[in-house]
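As structure tokens, the structure follows; a few thoughts come after it.
Every number here is computed from the coordinates shown, using simple stated rules; none is lab data. All of these numbers come straight from a predicted model, not from anything done at the bench. Cβ placement follows ideal geometry from the backbone for every residue including glycine, while neighbour counts extend to all protein chains displayed.
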Amino acid sequence: MQKTLVGLGAILAMLTLAGCQTAQGFGEDVSTAGQVIQQESAEAM
């Protein structure tokens, strides 16, 4: 389970870095990625 979350986090990080073009966009992307990880971990429990 933990490997799945780590893999998901790595994929989200790559997409975030590839998709954002400004510091504000980066912050929004990181926030969104954090929310997705929290939701996935809550569902796993």
* Asked: How much length is gained on full extension from Leu15 to Thr32, taking 0.36 nm per residue of separation minus their Cα-Cα distance?
  -> 5.0 nm
* All-pairs Cα distance distribution in the chain, expressed in whole percent, bin size 10 Å -> 29, 49, 19, 2
* Structure fact -> Nearest 10, in degrees from 0 to 90: the angle of helix 23-44 to the longest Cα principal axis of the chain is 10
* Given only helices, namely DSSP H runs of n ≥ 4 each adding -39500 (n - 2.57), what is the per-residue ellipticity at 222 nm of the chain, to the nearest 500 deg cm²/dmol? -> -30500 deg cm²/dmol
* Structure fact -> Helix 2-19 sits off the longest principal axis of the Cα atoms of the chain, rounded to the nearest 10 on a 0 to 90 degree scale, by 10
* Can you pull the one-decimal nm distance between simple spin-label points at Glu40 and Lys3, each 7 Å off the Cα toward Cβ? => 1.5
